[in-house]
Amino acid sequence: MTFHPLDEAGQWSGDRPFSVYIHVPFCASRCGYCDFNTYVLASQGPDAGQRYLRAAHGEIEAAASALAGHDARPASTVFFGGGTPTMLTPDQLGGLVRHVQQVWGLAPGAEVTTEANPETLSEEVLDGLLEAGINRLSMGMQSADRAVLKLLDRVHTPGRAVEMARLARRCGFDDISLDLIFGTPGETLESWRTSLRTALSADPDHISAYSLIVEEGTRLAARIRRGEVPMTDEDDLADKYLASEEILTGAGFVNYEVSNWARPSTGPDGLVDRHRAEHNMAYWLGHDWWGIGPGAHSHLGRARWWNVKHPARYAALCADGELPVDDGEVLGPEEHHEETVLLRLRLADGLPLAELRADELGRARRVTAEGLGEESDGVLRLNLRGRLLADRIITDLLV
């Protein structure tokens, strides 16, 4: 290991909230659009799951040792991502939650999320996840169009996703999110609108709607390059984003990040944003997190590092008691500034103008002059038109 995280964290502060991300790199099959660090479980040998678990527990111990002597902070959020975390049993996931609680503690009301695919869920599994301490379910529905699911190599049916979301509610989950993807080749605007309405019929608390990004090296990219399926154009993507805002806000959801909508809940002081994905908010607000698992990324202060990707190499390093770090970097003041602007401007809470330099303030005021955002109380917030052009606006601000 050439990058030593705690030597490089520099401005790490015990004042910032702390989160834990746990990457489970296994899937039953690999989707044609996916470029995440995932592996078909059956291809990794008969004991791949157990090797992974031993390694992940080992990394938790190594991370706790590395942080010993620093300000202790309980985890505000824990997130199991993948891959398909529910390829592991609820008891195995629960063992990791308990280990995190043992070494760092969990903050009161900590959000503990697992991603899941509909085909891996059942009443028994859902009950087990709740018993394991997981209180938020994020399910990959993607679409309600069978043709779209087939092109994406998803194996579940639209009905299965809705059925499992409703079952999760009956089992006792009170924080359920559905992930959707728009812009799949061949998807029509009406098909996308149907997907949104179908997702809403499952009564979720949160919906993520992401534009499909065709990554080089994926099967889908190869099919587009060969002319087998068409590439979606920007106007089509914009129309589908506008449909997302129309249908989701019409159902009472509130957009709090460019691609994320949450259903407000009623608390003692009125409506509150309780159903926001707090783990993702930790990313967007620049909080600290430690990533466990093959290829997982971590963030402490201005230090960023990432683990080795392959499960076998990861397991070998963890077995030797090492942190399985591949490499890392420390952001300089300019890079840190750019990261803050990029992330904050995507949030409905907006970007404090105090974060901007003098030359950037003039460009920020052009955003409001062009009708792409509003400025109030010293904060710049993008409106709906601005959200459509968020990437361009951020690039122009940082020129």
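Determine which member of the set Arg136, Arg146 is more than 21 Å from the chain's Cα centre (by Cα) and assigned by TED's automatic domain parsing to the domain that holds Asp205.
Working: Arg136 fails: more than 21 Å from the chain's Cα centre (by Cα).
Result of the check over Arg136, Arg146: Arg146.
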Open item on the list: Which numbered condition in (1) in contact with a strand residue (DSSP E or B) (Cβ under 8 Å, 6 or more places away or on another chain); (2) under 26 Å from Tyr52 (Cα atoms); (3) among the polar types (S, T, N, Q) is the only one that Gln92 fails?
Closed with: (1)
Open item on the list: For the structure I just gave you, tell me whether Ala303 is small (Gly, Ala, Ser), over 25 Å from Ile176 (Cα atoms), modelled with pLDDT under 95 and surrounded by 21 or more Cβ atoms within 10 Å (Cβ to Cβ).
Closed with: yes
- [ ] Exactly one condition in (1) surrounded by fewer than 17 Cβ atoms within 10 Å (Cβ to Cβ); (2) of a type in the set (Val, Ile, Thr); (3) part of a helix (DSSP H, G or I) is not met by Ile247; state its number.
- [x] (1)
Task: Inter-residue pairs, beta-carbon under 7 Å, first of a type in the set (Val, Ile, Thr) and in the range 330-351, second not in a loop (DSSP other than H, G, I, E, B), 6+ apart - done: Val330/Glu8; Val330/Ala303; Thr340/Glu355; Val341/Leu351; Val341/Glu355; Val341/Ile394; Val341/Leu397
Task: Residues located in the range 14-61, provided they are small (Gly, Ala, Ser) and either in contact with a strand residue (DSSP E or B) (Cβ under 8 Å, 6 or more places away or on another chain) or exposed (fewer than 13 other Cβ atoms within 10 Å of the Cβ) (or both) - done: Gly14, Ser19, Ala28, Ser29, Ala42, Ser43, Gly45, Ala48, Gly49, Ala56
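Tell me the residue from Leu196, Leu237, Leu178 that is surrounded by fewer than 17 Cβ atoms within 10 Å (Cβ to Cβ) and closer than 25 Å to Gly386 by Cα, please.
Working: Leu196 fails: surrounded by fewer than 17 Cβ atoms within 10 Å (Cβ to Cβ); Leu178 fails: surrounded by fewer than 17 Cβ atoms within 10 Å (Cβ to Cβ).
One residue alone meets the criteria, Leu237.
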Open item on the list: Of all residues being under 27 Å from Tyr39 (Cβ atoms) and in a helix (DSSP H, G or I) in the range 194-230, which is farthest from the chain's Cα centre (by Cα)? Just the residue, please.
Closed with: Arg225
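One line per residue, one yes/no per condition, for (1) assigned by TED's automatic domain parsing to the domain that holds Leu41; (2) closer than 29 Å to Ala199 by Cβ:
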residue: Ser265; (1), (2): yes, yes
residue: Trp289; (1), (2): no, yes
residue: Ile292; (1), (2): no, no
residue: His297; (1), (2): no, yes
residue: Trp306; (1), (2): no, no
residue: Leu331; (1), (2): no, no
residue: His336; (1), (2): no, no
- [ ] Could you grab me the full set of residues in the range 318-331 that are buried (at least 21 other Cβ atoms within 10 Å of the Cβ) and assigned to a helix (DSSP H, G or I)?
- [x] Cys318
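The values are calculated or read from the model by the stated rules, or taken from the named source; none is laboratory data. Values in this document were obtained by computation on a predicted structure and should not be read as measured data. Note: ideal-geometry Cβ built from the backbone for every residue, glycine included; neighbour counts use all protein chains shown.
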